[in-house]
1. Taking the stretch B:301-360 only, how many residues are within 14 Å of another protein chain (Cβ to nearest Cβ), surrounded by fewer than 17 Cβ atoms within 10 Å (Cβ to Cβ) and touching a Phe, Trp or Tyr at 6+ places or on another chain (Cβ under 9 Å)?
2. Within the stretch B:220-227, can one find any residue that is open to solvent by 10 Å² or more (accessible area, probe 1.4 Å) and either in contact with a Phe, Trp or Tyr (Cβ under 9 Å, 6 or more places away or on another chain) or of a type in the set (A, V, I, L, M, F, W, C) (or both)?
3. Take the stretch B:75-98 and flag every residue that is within 14 Å of another protein chain (Cβ to nearest Cβ), open to solvent by 10 Å² or more (accessible area, probe 1.4 Å) and outside any helix (DSSP H, G or I).
4. Scan (1) among the aliphatic types (A, V, I, L, M); (2) open to solvent by 40 Å² or more (accessible area, probe 1.4 Å); (3) touching a residue at least 24 places away in the same chain (Cβ under 8 Å); (4) within 14 Å of another protein chain (Cβ to nearest Cβ) for the single condition B:Ala68 breaks and write down its number.
5. Consider the stretch B:27-67. How many of its residues are farther than 26 Å from A:Leu26 by Cα and assigned to a helix (DSSP H, G or I)?
6. Does A:Leu116 satisfy the condition of being more than 14 Å from chain B (Cβ to nearest Cβ), open to solvent by less than 20 Å² (accessible area, probe 1.4 Å) and modelled with pLDDT of 85 or more?
7. Taking the stretch B:330-354, which residues are modelled with pLDDT of 95 or more and in contact with a Gly (Cβ under 7 Å, 6 or more places away or on another chain)?
8. Could you check the stretch B:1-32 and list, in sequence order, the residues that are of a type outside the set (Val, Ile, Thr) and under 18 Å from B:Ile62 (Cβ atoms)?
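The values are calculated or read from the model by the stated rules, or taken from the named source; none is laboratory data. Model, not experiment: these values are computed from the prediction. Cβ placement follows ideal geometry from the backbone for every residue including glycine, while neighbour counts extend to all protein chains displayed. Ligands, DNA and RNA are stripped out before the accessible areas are found, and what is left, the full protein with its side chains, is counted by its heavy atoms. Shrake-Rupley method; radii C 1.70, N 1.55, O 1.52, S 1.80 Å.
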Amino acid sequence: MALARIGVGSNAEDAAPRVERALEALSALGTVVSRSRLYGSKPWGEGDQPDFVNAAALLETSLSPRALLDALKMLETAHGRVPTYRWGPRAIDLDILAYDDLELREEGLHLPHERLAERAFALVPLAEIDPTYEAALGQLTPAARSEVLPLDQRIGAETARRRVVVDWEQSLKRVREAAEFCASAGLERFRIDEDGLEIEVRRSAPASRRPHALDNADVIPAAAPIAANGAVENEPHPTVLKADVVGILRLSRPAVTEGAELDGERELAYVEALGVRNPIRWSGRGRVASVFVGDGQPVEFGQPLFAIDPRA
Amino acid sequence: MRKILIANRGEIALRVNRAAHELGIATVAIFSEADRASLHVRSADEAYCVGPGPAARSYLNIPNIVSAALISGADAIHPGYGFLAENARFAEICADHGLTFIGPTPEAISTMGDKARAKAMMAAAKVPITPGTGILESAADAAKAAAKIGFPVMLKATAGGGGKGMRVVRAPGEVEHAYATAQAEAEANFKNGALYLEKFIEQPRHVEVQVIGDTFGNVVHVGERDCSVQKPSHQKLIEEAPAPALGERVRERLHGVALTAARAARYTSAGTLEFLVSGDDVFFMEMNTRIQVEHPVSEMLYGVDLVREQIRVAAGEKLSFSQKDLKARGHAIECRINAEDPSQNFAPAAGTMREVVLPGGYGVRVDSHAYAGLAIPPFYDSLIAKIVAWGETREQALKRMECALRETYIDGVATTAGICLAIVRDERFRAGGVSIDFLNHFDAAAAAAHP
């Protein structure tokens, strides 16, 4: 699994709903772990309508950079086309801004995106959901930054945002869930903005080492925060244990639960396939951040089973 | 039968999915990580990822595929073509796990899958076969046999396919070298260097006969298909039915021989017997124990659904038609649109299809999984669409195909659409009855330049 940063933009007449729909469609390509608000760039001429609407999303995906690019092109086509007999112009742009910390210079695929640093309309939404980019944001001129503002700030109350009465108990529950999700996905910061309830969870960052590499383990590289001086700090990365065979998942007894501390060699579960037990093991110290599956659940190849925060 | 797992991808997975849904049977798709965005994943009722992109670890991953069938509660597996379709061991494993393999019995697959064994069986059933040998011991053995049969001869790998492990030998002095290179090629490609030798038939046509049988002993033929337009790799590009410019006597002989052969093999599913036809001579080549890519040609000609029938007979039902119910009407032709560059000897062209416009209209059938934005993964075959045109006459079918190909527009990857159009306009092809070396002499570059 990799964490890709995706930029979404449109300059069609109905740009905002288009960007919203494209953001929703991203979930077909992986897990959208976070998304920014909609931003409008300052209109060049007169008038109230923004020239461009932009947003960014963090997408956890198993697609390779090239496959992801192809998939985004597919979504562009699916979401950009004007429904007439003629092929309409592409009214939505989807770009890979970065893919883990991969550096790539290939035909049609430059990672990180080659002009990201100078594009306020891409950088501002991205920095909202990924603080790694705050330093880069600081490099922009104040004028460039001020051209990109959240839509609701620019055009005020008539935006689509609904205000509803929020149940306090529900809200606390959502905060807890957001915190857990933030931890399990290895995010620095996680923001939800739904039905008038805005939740922002930030993680304090204890020093940690990288986890053991296990056969069926994958490391989600969390966004490595860039400190003020530009140095990159090491951050804890949860290890995601995935199924490498298709079968029925059985939690080993005693079943691990979220928050459990692990120390040493431990079989967490096994995937039963054609009468064979395929164990899912963990070795070393760690804390179970998430259990993604239930006992007896069918699992497919590559399906995440557990996220574990390794400990020194 | 309530739920079928479709152990394939691309257009054939969609084809099977349609037949199953029409029969009210639920479907389970499998896919590799490279095919997550594929249409077959969406069209099935459920889908399971069974491995990474390379086929050996996904579409050929028997444990994960069978496990997916079991956990999804499927009671049958349709293998499509390619991948596991002619793997007798896979058919056995399915049976061991209580899953119905939608295809022939493991015995029929293994007998017919081994070309030398298949020929021996056909010879016993008095099916005409190309004069040839059993498995050769050495190059000297080959030289002796070649002298007896008479040059030219063809060395072939028993495990061969797709033109690999094949060498034409025209003179005694060439035998030793041809033997060594064919053996090395067979060893490298199929891990089986066994070779046999047969008479090389000059300028034959490739004509095959579709058969289908049930478990009650009924076997019918669904006519022949002419597949002589083949790429230099011997892969088919254009198929049509009935075979044009073929004498009625030869046609009847082919049908009769195919029925004899299928009965001898106690065949209980859809299959195809391939023949080389040279003048009035008919030689059995091999039997394909699967549904074939070009099956829609026969479906259009006879108005039957072969995949539906294949599923029904696997579920233990009787064939829904007898031989006398089957009447050919008109003419049907299929063009394979592959992501390949005809100017580069049909090298597979990877990439993303930016635009996909496929033809339609009366008498035109398109079986395809293509859509704009779909990336063609490098791991699998390059077929992206099968365009089939039907007409009251061959003339009308060709004209309809020409129109259909002109409507076809695929941007982003090189395709065979242009060369197919050039072929259906070609005078020699229109006259009918071209032999399997037709494309070798066809100016692909000139054709591609005039799409």
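1. Total satisfying the criteria: 2.
2. No, there is no match, as no residue in the stretch B:220-227 is open to solvent by 10 Å² or more (accessible area, probe 1.4 Å) and either in contact with a Phe, Trp or Tyr (Cβ under 9 Å, 6 or more places away or on another chain) or of a type in the set (A, V, I, L, M, F, W, C) (or both).
3. Result: B:His97, B:Gly98.
4. The single condition B:Ala68 does not satisfy is (2).
5. Within the stretch B:27-67, residues that are farther than 26 Å from A:Leu26 by Cα and assigned to a helix (DSSP H, G or I) number 9.
6. Taking the combined requirement at face value, the residue satisfies it.
7. Result: B:Gly330, B:His331.
8. B:Leu5, B:Ala7, B:Asn8, B:Arg9, B:Ala13, B:Ala29, B:Phe31, B:Ser32
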